[in-house]
Every structure is written in structure tokens, then in C-alpha cells.
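Asks: Pasting a structure here, questions to come.
The values are calculated or read from the model by the stated rules, or taken from the named source; none is laboratory data. If you're wondering where the values come from, they're calculated on a predicted model, not measured in any experiment. Here the Cβ is made from the backbone with ideal geometry for all residues, glycine too, and neighbour counts use every protein chain on show. Remember, those area values only see protein heavy atoms, side chains included, never the ligands or the DNA or RNA. Shrake-Rupley method; radii C 1.70, N 1.55, O 1.52, S 1.80 Å.
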Amino acid sequence: MADEQDATHAWLLDMDGVLVHEEVVLPGAQEFIERLREKELPFLVLTNNSIYTRRDLSARLARAGLDVPEAKIWTSAVATAQFLSNQAPEASAYAVGEAGLTTALHEVGYTLTDADPDFVVLGETRTYSFQHITAAVRLIEQGARFIATNPDVTGPSPDGPLPATGSVAALIREATGQKPYFVGKPNPIMIRSALNQIEAHSATTAMAGDRMDTDVMAGMEAGLTTHLVLSGSTRREEISDFAYRPNNVVESISELIERV
């Protein structure tokens with residue numbers, strides 16, 4: 001354990017299911033963040049949720065009792081905007097989503113329009129509009145390239161799962177025949193963009209997440225040490241369903257404090 005601990009110089013942390021659950025701070029989360037600060041280790045909190053801006057998420061975490069500044073938060077919307085800016089600087093997009101997505105696109109110099117955009121960018125919203133989905137379908141048929149922030153098919157709510165970006169992307173794909181490019185986890189591009197943000201190297205960075213199919217897969221494919229935290233989506237008995245394994249499995253992030 002000492003060798004692994006000595007080799008970890010930076011951390012990427014999934015948010016929901018690792019640090020918080022339904023806006024309640026999970027055991028050990030605040031202590032873990034404080035330990036990272038004490039050791040002056042770079043870190044980012046990652047989320048595939050593209051609804052909220054980083055400032056909004058920082059405020060929501062603060063209300064729950066977790067101090068994470070917006071500069072330490074990395075969303076699929078921000079990763080998508082950065083990816084698009086690198087691919088086609090200062091281009092145009094038709095965005096289906098909330099402030100988290102539109103703000104990120106504006107910040108990289110993109111113009112949001114429904115008149116001959118270069119890209120259709122699909123993010124998450126709790127109120128998907130059939131009118132907006134129809135517009136996206138028609139713009140893609142007219143030649144706009146199809147990008148989506150993340151492939152999650154459902155999102156959590158107090159009343160149960162809700163259709164999310166991946167489900168709506170499937171609808172648009174069926175209507176247009178065009179497969180979207182997903183930027184968020186498990187695409188390692190999101191992990192690499194986060195590493196660049198904190199100037200960290202994959203060989204000395206660890207990823208702590210609660211989902212085998214997004215967090216662990218993305219971390220593994222990007223070359224990170226992976227810790228599966230069982231306080232969220234994945235149950236221990238489900239690990240064997242996957243063809244790959246995390247480097248470590250813990251009940252909660254509190255068990256990782258000693259590894260910092």
C-alpha cells in the first residue's frame with residue numbers, strides 16, 4: 001500500500017455517489033478533501049451532469065456542507081466545450097440543455113444559434129422539449145455534426161430514475177441515422193482534459209468513482225489507478241459482471257483517506 005500511496009500525486013473524484021448522495025455529504029468526504037489540501041495535492045471533482053455550471057455545483061456542495069471551489073469542479077459540459085474549441089475554435093452550435101452547457105460553450109467563444117450551426121450539442125435537462133429535439137434532428141439532417149455531453153441513459157431523482165442524455169441521444173440517432181460523439185465518462189477524453197487542467201500525469205493520478213461502467217472504465221482507459229467506491233451505484237456483487245476490475249474496492253471514500 002505504501003508504494004501505491006507514494007505513487008499517487010493527484011486525484012480525480014466522482015461527485016454523486018462518492019462525495020454526496022441526494023445533496024447529503026457522504027461519510028469521509030469532507031475529511032478526504034481536507035487531507036488533499038493539507039498535502040497540497042491537486043484534485044478535481046468530476047461529474048457527467050451537464051445541467052449546472054461549476055459555480056452552481058460549488059454552491060450546492062457548500063449548502064450540503066462540502067467546501068469545493070468552482071475551480072476544482074470539472075463537468076461533462078466543460079469538457080465538451082473544451083473538446084469542441086480544440087476541434088473547431090469559435091464555431092457555432094445548437095445546444096439542447098441547461099445553463100451548465102450554454103455557459104461552457106459561451107466561455108470558449110462559441111456562438112449559439114439555430115441557423116446553420118456547425119454542431120448540435122445535446123446535454124442534460126429535466127425538461128426535454130419535443131420542439132428542441134425536433135430542431136436538433138432537422139439540423140443534423142442538414143449537416144450539423146452531433147455531439148453529446150455524456151452517455152448516461154438515466155439520472156437520479158427523489159422519485160426514481162429520469163431519462164437522461166443517453167436516452168434522448170438514442171432517440172435523435174434513430175431519427176437521423178447519425179451516431180453522436182459522447183465526450184463525458186467513460187470517454188477517457190474527459191479524464192485527460194481534467195488531468196491537463198491540474199497539470200497531472202495519468203501514471204501518478206488516482207480515480208475514485210462509484211460506477212464501473214463510467215468512472216472505473218474511464219480511469220482505466222486513461223491509465224489511472226482506479227478505486228471503486230461502493231457508496232453509490234455499483235454493488236459489490238455486480239463487479240464480476242464486468243470484464244475489467246478496479247485496482248481497489250472500498251465501502252466509502254473514508255477508507256481512502258489513509259491512502260492520501
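Asks: How about region 212-230: which of its residues are surrounded by fewer than 20 Cβ atoms within 10 Å (Cβ to Cβ) and in a helix (DSSP H, G or I)?
Replies: Within region 212-230, Asp213, Glu221 meet the criteria.
Asks: One residue is enough: does region 107-123 have a residue meeting the conditions closer than 24 Å to Gly232 by Cβ, modelled with pLDDT under 95 and touching a Gly at 6+ places or on another chain (Cβ under 6 Å)?
Replies: Checked region 107-123: no residue is closer than 24 Å to Gly232 by Cβ, modelled with pLDDT under 95 and touching a Gly at 6+ places or on another chain (Cβ under 6 Å).
Asks: Please state which one of Pro188, Pro246, Pro180 is in contact (Cβ under 8 Å) with a residue 12 or more places away in the chain and under 25 Å from Arg35 (Cα atoms).
Replies: Details: Pro188 fails: under 25 Å from Arg35 (Cα atoms); Pro180 fails: under 25 Å from Arg35 (Cα atoms).
Within the list Pro188, Pro246, Pro180, the selection yields Pro246.
Asks: Go through region 169-227 and give me each residue that's more than 18 Å from Asn49 (Cα to Cα) and aliphatic (A, V, I, L, M). Even if it seems obvious, please write down each step before you answer.
Replies: Here is the first cut: in region 169-227, the ones more than 18 Å from Asn49 (Cα to Cα) are 171-179, 195-206, 220-227.
Residues satisfying the conditions are Leu171, Ile172, Ala175, Leu195, Ile198, Ala200, Ala203, Ala206, Met220, Ala222, Leu224.
Asks: Among what's in region 20-52 and is open to solvent by 20 Å² or more (accessible area, probe 1.4 Å) and within 15 Å of the chain's Cα centre (by Cα), pick the residue that is farthest from Ile191 (Cα to Cα). Step through it out loud before you land on a result.
Replies: Filtering region 20-52 for residues open to solvent by 20 Å² or more (accessible area, probe 1.4 Å) gives 21-27, 30-31, 34-35, 37-42, 49, 52.
With the extra rule that they be within 15 Å of the chain's Cα centre (by Cα), the set shrinks to 49, 52.
Details: Asn49: 15, Tyr52: 19 Å.
Going through the qualifying residues, I end up with Tyr52.
Asks: Determine if region 22-42 includes at least one residue that is touching a Gly at 6+ places or on another chain (Cβ under 8 Å) and farther than 17 Å from Glu255 by Cβ.
Replies: No: zero hits.
Asks: For region 104-119, enumerate the residues that are over 13 Å from Gln82 (Cβ atoms), open to solvent by 50 Å² or more (accessible area, probe 1.4 Å) and in contact (Cβ under 8 Å) with a residue 12 or more places away in the chain.
Replies: Listed by number, the residues that qualify are Thr111, Leu112, Asp114, Asp116, Asp118.
Asks: From the list Ser157, Ser167, exactly one residue is out of contact with any Leu (no Cβ under 7 Å at 6 or more places or on another chain), of a type in the set (Gly, Ala, Ser) and not in a loop (DSSP other than H, G, I, E, B). Which is it?
Replies: Values: Ser157 fails: not in a loop (DSSP other than H, G, I, E, B).
Within the list Ser157, Ser167, the selection yields Ser167.
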